[in-house]
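Report on the following structure.
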Protein chains: 2
Amino acid sequence: MYNMTFVQKLQKACRKNNSLLCVGLDPDPAKMPAGQDTASFCKAIIKATSAYVCAYKPNLAFFEALGDNGITILKDVLKSIPEYIVTIADAKRGDIGNTATAYAKALYDDLGFDCVTLSPYMGYDSIEPFIKYHNKGVFLLCRTSNSGAADFQQLKIQDGRFLYEVVAQKASEWNTAGNIGLVVGATAPDELKIIRNMCSDMILLVPGVGAQGGDIEKTVRMAIDKNSQGVVINSSRQIIYASKEENFAQKAAMAAKALRDEINQYR
Amino acid sequence: MYNMTFVQKLQKACRKNNSLLCVGLDPDPAKMPAGQDTASFCKAIIKATSAYVCAYKPNLAFFEALGDNGITILKDVLKSIPEYIVTIADAKRGDIGNTATAYAKALYDDLGFDCVTLSPYMGYDSIEPFIKYHNKGVFLLCRTSNSGAADFQQLKIQDGRFLYEVVAQKASEWNTAGNIGLVVGATAPDELKIIRNMCSDMILLVPGVGAQGGDIEKTVRMAIDKNSQGVVINSSRQIIYASKEENFAQKAAMAAKALRDEINQYR
């Protein structure tokens with residue numbers, strides 16, 4: 001069962017913009033067009049692309065790298081996201097009890113995010129303080145899109161399963177409030193299929209299309225649920241750095257629309 | 001081989017204060033004495049305890065939970081730590097390439113930490129941007145002190161080893177610059193012994209004594225290297241919340257001195 005509040009919001013945004021696309025906000029000053037600061041850049045991207053997405057995923061690292069004002073800038077950016085669109089804090093936190101509670105407070109209450117990404121390594125008590133917020137969502141790292149995913153996630157456990165499968169199964173068991181989803185990279189379509197089969201009613205957050213090389217047709221076909229939804233496909237660099245020229249926002253909009261339409265073609 | 005810059009700093013601080021004790025700064029407004037804000041509380045604790053520790057470990061979650069000014073407050077607190085004492089950012093980050101680079105920049109360059117804690121789940125390319133800073137240190141989560149550690153870290157791999165052992169071994173292989181250490185909880189003394197045997201020359205950061213119940217004698221005997229050092233034993237709540245009264249700083253100092261001395265007794 002999906003959590004109604006979080007999933008309803010996502011479903012509504014998906015329907016309204018006919019989109020499974022999430023735009024990742026990774027504002028890197030070295031890659032931004034001349035004359036833009038992080039806030040103006042992100043806000044221009046959001047304004048230009050918001051009709052084509054179901055979610056935005058600000059990457060907290062890039063805001064923290066701004067120093068003292070990082071959180072203020074992030075809040076300013078978040079305010080410019082239309083309210084009906086889902087916000088995912090790409091934080092990949094993972095810590096115990098009272099610390100996890102402090103992170104949940106920071107990300108959900110203070111910053112107002114709808115969802116966060118979390119690392120599973122520390123187990124259930126690192127996730128519980130987040131899933132207690134029944135109207136919010138958690139995306140647990142399961143099979144990531146990077147090369148290092150092979151180091152631990154692809155280890156074979158004694159019963160023959162891979163570690164990422166154990167993570168998917170545990171997440172499924174813990175999902176009593178219907179507010180846990182999984183992060184599965186588009187660079188691993190076979191694993192994506194296995195995970196979708198194991199977790200038929202969980203939302204998958206799929207990074208790794210575009211710059212990281214994931215194939216869009218395969219990704220969509222493997223990741224969608226029986227209703228041709230239940231998946232959020234993230235693209236960051238391909239959209240937000242579509243151009244370094246003055247018309248960067250317009251180019252980002254074109255890239256977002258094109259990717260949304262390509263995704264829809266395979267649903 | 002230890003990295004000379006990071007390890008030399010730690011060894012010097014350990015020698016100067018005859019201490020393997022790290023005080024964890026987890027400032028929770030609900031537990032702090034009346035009339036104290038986060039900055040004044042942390043600074044009073046640091047002033048009172050700095051003669052008895054080799055390191056401080058601010059937990060970033062508690063500063064992020066303060067909202068917009070969290071990083072400014074953290075910087076203010078960091079400035080009050082004597083320069084010869086090691087600072088560990090308890091961040092448990094873990095993300096890929098360009099994101100990890102942004103986190104490394106935030107934690108090492110902007111905040112000036114000596115070390116950070118990282119989660120291993122995403123593998124080598126999530127750690128590389130940090131270990132590239134040869135004069136800084138990384139503590140990789142290996143066998144944590146919480147109950148959820150059993151969910152994944154204690155899974156048996158096909159070759160009979162536990163996942164945490166594979167993490168320890170990989171960390172050892174990646175430690176070519178001598179600047180990787182491991183986080184191993186005091187609540188798991190048997191695992192601590194196994195890890196110390198596998199990684200004879202790596203620094204272990206050991207949380208879980210005190211409030212979490214780890215036995216001090218066992219912890220010290222299992223964790224020290226052949227020179228009776230190479231370990232940093234963290235205590236947070238037992239020290240910083242030793243009293244809620246006006247004399248909280250004095251009580252924290254007494255608790256820190258007592259724990260330092262108890263640790264030294266078993267070296």
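The values are calculated or read from the model by the stated rules, or taken from the named source; none is laboratory data. Because the structure is predicted, anything quoted here is derived from the model rather than measured. When we count neighbours, we look across all protein chains shown, and the Cβ atoms used for this are built from the backbone with ideal geometry, even at glycine.
Taking the condition of being within 9 Å of another protein chain (Cβ to nearest Cβ) and touching a Lys or Arg at 6+ places or on another chain (Cβ under 9 Å), how many residues in the stretch B:105-116 meet it?
Residues that pass the stated criteria total 3.
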Checklist entry - Which ones in the stretch B:223-241 are over 21 Å from A:I96 (Cβ atoms) and either under 15 Å from the mean Cα position of the chain (by Cα) or not acidic (D, E) (or both)? => result B:I224, B:K226, B:N227, B:S228, B:Q229, B:G230
Item to check | Meets criteria (farther than 15 Å from A:Y56 by Cα and either free of Cβ contacts under 8 Å to residues at least 60 places away in the same chain or crowded, with 20+ Cβ neighbours inside 10 Å (or both)) for A:I203 | outcome: yes
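When you scan the stretch A:118-134, do you find a residue that is at negative phi, under 17 Å from the mean Cα position of the chain (by Cα), more than 11 Å from chain B (Cβ to nearest Cβ) and assigned to a helix (DSSP H, G or I), even just one?
Within the stretch A:118-134, one or more residues are at negative phi, under 17 Å from the mean Cα position of the chain (by Cα), more than 11 Å from chain B (Cβ to nearest Cβ) and assigned to a helix (DSSP H, G or I).
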Item to check | Candidate set from the stretch B:100-120 (those that are touching a strand residue (DSSP E or B) at 6+ places or on another chain (Cβ under 6 Å) and among the hydroxyl-bearing types (S, T, Y)); member that is surrounded by the fewest Cβ atoms within 10 Å (Cβ to Cβ) | outcome: B:T117
Checklist entry - Can you find a residue in the stretch A:36-45 that is modelled with pLDDT under 95 and more than 14 Å from chain B (Cβ to nearest Cβ)? => result no
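Residue-by-condition table, conditions (1) more than 14 Å from every other protein chain (Cβ to nearest Cβ); (2) more than 18 Å from A:G137 (Cα to Cα); (3) modelled with pLDDT of 95 or more:
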site: A:C14; (1), (2), (3): yes, no, yes
site: A:L21; (1), (2), (3): yes, no, yes
site: A:G24; (1), (2), (3): no, no, yes
site: A:D28; (1), (2), (3): no, yes, no
site: A:A34; (1), (2), (3): yes, yes, no
site: A:I85; (1), (2), (3): yes, no, yes
site: A:D95; (1), (2), (3): no, no, no
Checklist outcome for this item: Over the stretch B:135-147, the set of residues facing another protein chain (nearest Cβ under 7 Å) and farther than 18 Å from B:L182 by Cβ is B:S147
Checklist entry - Scanning the stretch A:241-267 for residues that are in a loop (DSSP other than H, G, I, E, B) and free of Cβ contacts under 8 Å to residues at least 24 places away in the same chain, which turns out surrounded by the most Cβ atoms within 10 Å (Cβ to Cβ)? => result A:A242
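Could you list, in sequence order, the residues of the stretch A:151-197 that are part of a helix (DSSP H, G or I), small (G, A, S) and within 11 Å of chain B (Cβ to nearest Cβ)?
Selection gives A:A171 alone.
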Checklist outcome for this item: Note on A:D90: of the conditions (1) more than 9 Å from every other protein chain (Cβ to nearest Cβ); (2) over 21 Å from B:Q154 (Cβ atoms); (3) modelled with pLDDT of 95 or more, unmet is (1)
Item to check | The one condition in (1) aromatic (F, W, Y); (2) within 13 Å of chain A (Cβ to nearest Cβ); (3) over 22 Å from A:A104 (Cα atoms) that B:Y52 fails to fulfil | outcome: (2)
Item to check | Residue among B:Y103, B:Y52 that is touching a Ser or Thr at 6+ places or on another chain (Cβ under 6 Å) and either at pLDDT 95 or above or not small (G, A, S) (or both) | outcome: B:Y52
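Okay, residues lined up against (1) crowded, with 22+ Cβ neighbours inside 10 Å; (2) in contact with a Cys (Cβ under 7 Å, 6 or more places away or on another chain); (3) among the basic types (K, R):
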| position | (1), (2), (3) |
| --- | --- |
| B:Q8 | no, no, no |
| B:A34 | no, no, no |
| B:K47 | no, no, yes |
| B:K57 | yes, yes, yes |
| B:A65 | yes, no, no |
Checklist entry - Going through the stretch A:207-240 one residue at a time, which ones are buried (at least 21 other Cβ atoms within 10 Å of the Cβ) and closer than 15 Å to A:P58 by Cα? => result A:P207, A:V232, A:I233, A:N234, A:S235, A:S236, A:I239, A:I240
